[in-house]
2 protein chains.
Amino acid sequence: MAEKVPFEQKVLSENDRIAAEIRGALNQRKIFSFNMVSSPGSGKTSLLEKTISAIGSQVNIAVIAGDVQTENDAQRLLRAGCKLVRPIVTGGACHLDANMVSRALKELELENTDLLVIENVGNLVCPSSYDLGEDMKIVVMSTTEGDDKPLKYPAMFRRSSVMVVNKIDLLGTSDFDLEMVKANALKVNGTLTIIETSCRTGAGLDQWYAWLQEQIAHKKQKS
Amino acid sequence: MAEKVPFEQKVLSENDRIAAEIRGALNQRKIFSFNMVSSPGSGKTSLLEKTISAIGSQVNIAVIAGDVQTENDAQRLLRAGCKLVRPIVTGGACHLDANMVSRALKELELENTDLLVIENVGNLVCPSSYDLGEDMKIVVMSTTEGDDKPLKYPAMFRRSSVMVVNKIDLLGTSDFDLEMVKANALKVNGTLTIIETSCRTGAGLDQWYAWLQEQIAHKKQKS
């Protein structure tokens with residue numbers, strides 16, 4: 001399969017070209033953006049629902065919600081009060097690419113947006129290879145997934161700037177070791193910011209909101 | 001990207017040719033085999049550890065354990081007492097393919113094997129497209145992942161013969177609705193066999209072992 005590498009390179013370089021355009025447009029508008037990646041079921045949408053309810057009146061949030069099938073997540077975010085939500089149903093594709101995001105952005109009115117969230121397909125492998133023009137990737141993992149995940153899926157943790165450890169209310173219901181997951185994550189990426197949350201009890205959410213608002217403010221100050 | 005479809009078709013048809021060879025070899029030896037697929041962290045390896053401890057003295061089990069990085073799962077299975085374990089570290093690839101399995105099988109002594117388990121990379125999307133020569137796919141999902149997963153990742157549930165709902169000891173710690181996940185799974189695939197398990201409390205494991213032994217016996221009787 002000699003053509004495989006060149007073909008993949010061609011796809012990725014076209015992706016990077018479009019991602020650079022997106023990044024330029026978001027920078028011009030001073031919109032802070034992150035690409036939210038995780039396993040299926042880590043709680044990305046729940047974390048966004050909480051975030052929209054808590055800070056959505058102070059911060060204008062737009063979300064692009066990617067899924068293989070269904071618009072369930074987009075519907076949940078609309079119900080949570082997010083006014084700018086655009087679903088992308090990939091129809092089988094295992095990741096979002098910059099072209100999908102670019103098309104979705106054309107249909108979003110970003111005039112007053114402060115924060116753009118790109119909720120990727122639940123998959124710890126493929127989305128790590130695709131730059132979507134975001135400021136950073138944030139990987140969400142839950143305490144029920146096993147504390148060796150950063151070692152088993154290193155590319156995703158290496159390319160993320162933040163790891164949210166979600167469902168900390170379930171600590172103690174399995175062998176998951178919180179200190180071990182942090183050590184494993186930092187072994188793969190020593191500069192990761194780590195935030196612990198529970199959407200059920202609310203633990204850690206204030207820290208998450210504060211961190212997010214700091215990033216948004218920081219982006220606004222950039223010339 | 002006009003060459004995309006033909007290139008993918010070429011890869012898949014080469015995969016299917018090798019998968020057919022594997023299937024022929026396993027059928028000749030009357031080895032029952034399944035391809036175990038799931039999200040990362042659903043508990044595939046825990047379920048295999050339990051299975052090896054419980055029925056490994058009556059049934060000769062071989063496991064091919066796929067992972068993007070690390071041989072952690074293979075090590076765990078060896079410690080559980082499985083004598084035939086072959087790790088595949090895909091080094092970034094998001095799924096196993098028939099060629100990887102074919103190479104791993106050459107290094108396994110299958111003479112007296114009754115059951116071959118192929119533990120796939122944790123990913124609910126890509127592994128659904130690759131036939132590995134197995135008798136059936138078994139999809140494992142855990143109660144912490146959300147009850148709409150069969151609708152969001154329909155290909156995987158459509159191509160599986162069995163859905164194991166694992167971690168049922170954690171029912172009640174989230175909004176996960178067991179009846180809803182079953183209804184959603186059967187909507188996608190009306191012929192799915194559904195088995196509920198907890199590796200922590202042991203609930204449902206006897207049913208899982210009995211089902212497995214029935215498949216193994218059935219395969220032995222085939223002419």
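What Kirkwood hydrodynamic radius do you get for segment B:24-221 when you take the inverse of the mean 1/r over all pairs of distinct Cα atoms, in Å?
16.8 Å
The other copies place their A:GLY56 label points at 5.0 nm from this one, listed shortest first, where each point is 7 Å from Cα along Cα→Cβ.
Taking every lysine pair in segment A:24-221 that is 8 or more places apart or spans two chains, those with Cα atoms closer than 16 Å amount to 14.
Shown here for segment A:63-142: GluC sites (Glu not before Pro) in loop regions (DSSP other than H, G, I, E, B) with at most 11 other Cβ atoms within 10 Å, namely A:GLU107, A:GLU109, A:GLU111.
Over all other residues within a Cβ to Cβ distance under 9 Å of A:ALA98, the charged ones net out to -4, with Lys and Arg as +1 and Asp and Glu as -1.
Using a 10 Å cut-off on Cβ to Cβ distances, tally the other chain neighbours for every residue of A:20-26 and report the average as a whole number. Walk me through the intermediate numbers first.
Values: counts 0, 0, 0, 0, 0, 0, 0.
Across A:20-26, the average partner-chain Cβ count within 10 Å equals 0.
Only the Cβ atoms of Lys and Arg (+1) and of Asp and Glu (-1) were treated as charged; on that basis the dipole of the protein assembly as shown about its Cα centre amounts to roughly 360 debye.
For A:GLU14, the distances from its label point to the matching points in the remaining copies are 2.1 nm, ordered from shortest, with each point set 7 Å beyond Cα toward Cβ.
Each of A:VAL140, B:VAL181 has some number of other Cβ atoms within 10 Å of its Cβ, and from fewest to most they run B:VAL181, A:VAL140.
Mean per-residue shielding of peptide A:143-150 is 6, counting Cβ atoms of other chains within 10 Å of each Cβ.
Taking trypsin sites (Lys or Arg not before Pro) across segment B:1-103, none is in a DSSP loop with at most 11 further Cβ atoms lying within 10 angstrom of its Cβ. Local charge for B:LEU178 was computed over the other residues whose Cβ lies under 10 Å away, with Lys and Arg +1 and Asp and Glu -1, and equals -3.
Label zone (A:MET136, point 7 Å along Cα-to-C-beta; backbone nitrogen cut-off 18 Å) within segment A:197-215: A:197, A:204-215. Normalised by the number of residues in chain A, the average gap of Cα pairs under 8 Å and 6 or more apart makes the relative contact order 23 percent.
Seen through its C-alpha gyration tensor, with square-root eigenvalues sorted a ≥ b ≥ c, segment A:2-49 comes out oblate because a/c lies at 1.5 or above while a/b is not bigger than b/c. Considering all C-alpha pairs of the protein assembly as shown, those separated by over 39 Å amount to 20%.
The calculated 222 nm mean residue ellipticity attributable to helices in the protein assembly as shown amounts to -12500 deg cm²/dmol, summing -39500 (n - 2.57) over DSSP H runs of n ≥ 4 and dividing by all residues. Modelled spin-label separation between A:GLN221 and A:LYS83, with each label point placed 7 Å from Cα along the Cα-to-Cβ direction: 2.8 nm. Look at the Cα gyration tensor of segment B:5-118: its axes a ≥ b ≥ c give a/c of at least 1.5 with a/b at or below b/c, and that counts as oblate.
Charged side chains reduced to their Cβ positions (Lys and Arg at +1, Asp and Glu at -1) give segment A:24-221 a dipole of some 340 debye around its Cα centre. Peptide B:75-84 has a mean shielding of 0, counted as Cβ atoms of other protein chains within 10 Å of each residue's Cβ. Here the Gaussian network model covers chain A, with springs between Cα atoms less than 10 Å apart; of A:ASN123, A:ASN35, A:ASN72, A:ASN72 fluctuates the most. Dipole of segment A:24-221 computed with +1 at Lys/Arg Cβ and -1 at Asp/Glu Cβ about the Cα centre; of A:LEU96, A:THR113, A:ALA62, farthest Cα towards the positive end is A:THR113. Each copy carries B:MET180; placing its label point 7 Å along the C-beta direction from Cα gives inter-copy distances of 3.1 nm, listed from smallest up.
The relative contact order of segment A:1-124 comes to 37 percent, based on Cα pairs under 8 Å that sit 6 or more residues apart.
Measuring r between the beta carbons of A:ILE194 and B:GLU214 and using R0 = 30 Å, the FRET efficiency lands at 0.05. Here nothing in chain B passes the span test, since no DSSP H helix has an alpha carbon length of 20 Å or more along the helix axis and a Kyte-Doolittle mean of -0.5 or above.
Values in this text are rule-based calculations from the coordinates and carry no lab data. The model shown is predicted, which means the values in this text are computed figures rather than measured ones. Positions of Cβ are generated from backbone atoms using ideal geometry, with glycine treated the same way; all protein chains shown enter the neighbour counts.
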